[in-house]
Amino acid sequence: MGRIEYSFSGPLPPARELEAYEHALPGSAERIFRMREAEIALTEAQVRNRLGLENKVIDSDIRNSRIGVICANVWLFAGLGMTTLFVMTGYDAAGEIIGPSVIGSILAAFLSNNLNRRKERTGKMKLLTGDRETDTNKSGKDEN
């Protein structure tokens, strides 16, 4: 005597299986449908929660960016004002040091922030595309 096996995949069993469940235990088909509906509702709730968290992160990033721009402007104008004051009162050396230092610090913060965001975006893109490549050179050793 031969043995026949079959399988299925998907959220619900085939109609023939549902009938067998219903015959063995009346009401079981309805329970299976309710379980599936509960799974769908849970998934939808998880998606809504995830989107809410992502929106909070985005709003926080926007707020932090605005605060950073305001602070950079305050720092720039205070530094340029001090530079002008020092030069006008005869302290040329101090003015020549403070002016470039202020501009350099703002430029360094801007470039550092852009580099960090680029690394973050590249990492997210690798996750989304499934690229699991590690940073290794041709010999297989870590570059760090």
Determine the calculated [θ] at 222 nm for the chain from helices alone, applying -39500 (n - 2.57) to every DSSP H run no shorter than 4 residues and normalising by the residue count; nearest 500 deg cm²/dmol.
-28000 deg cm²/dmol
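Subtracting the Cα-Cα distance from 0.36 nm times the residue separation, let me have the gained length for Arg66 to Thr129 in nm, one decimal.
Separation in residues times 0.36 nm, less the Cα-Cα distance, equals 19.6 nm.
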Assigning unit charges at the beta carbon (Lys, Arg +1; Asp, Glu -1) and nothing else, what dipole magnitude in debye, to the nearest 20, does segment 15-129 show about its Cα centre?
200
Between Asp59 and Met35, what is the label-to-label distance in nm when each label sits 7 Å out along the Cα-to-Cβ direction?
3.9
Along the Cα→Cβ direction, 7 angstrom out, place labels at Ala94 and Arg48. What is the inter-label distance in nm?
6.2
Eligible aspartates and glutamates near Lys126 by straight Cα distance, threshold 15 Å, same-chain separation 8 or greater
Asp135
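Each reported figure results from applying straightforward, stated rules to the coordinates on display, with no laboratory input. Being a predicted model, the structure only gives us computed values, none of them experimental. So basically every Cβ, Gly included, is an ideal-geometry build from the backbone, and we count neighbours across all protein chains shown.
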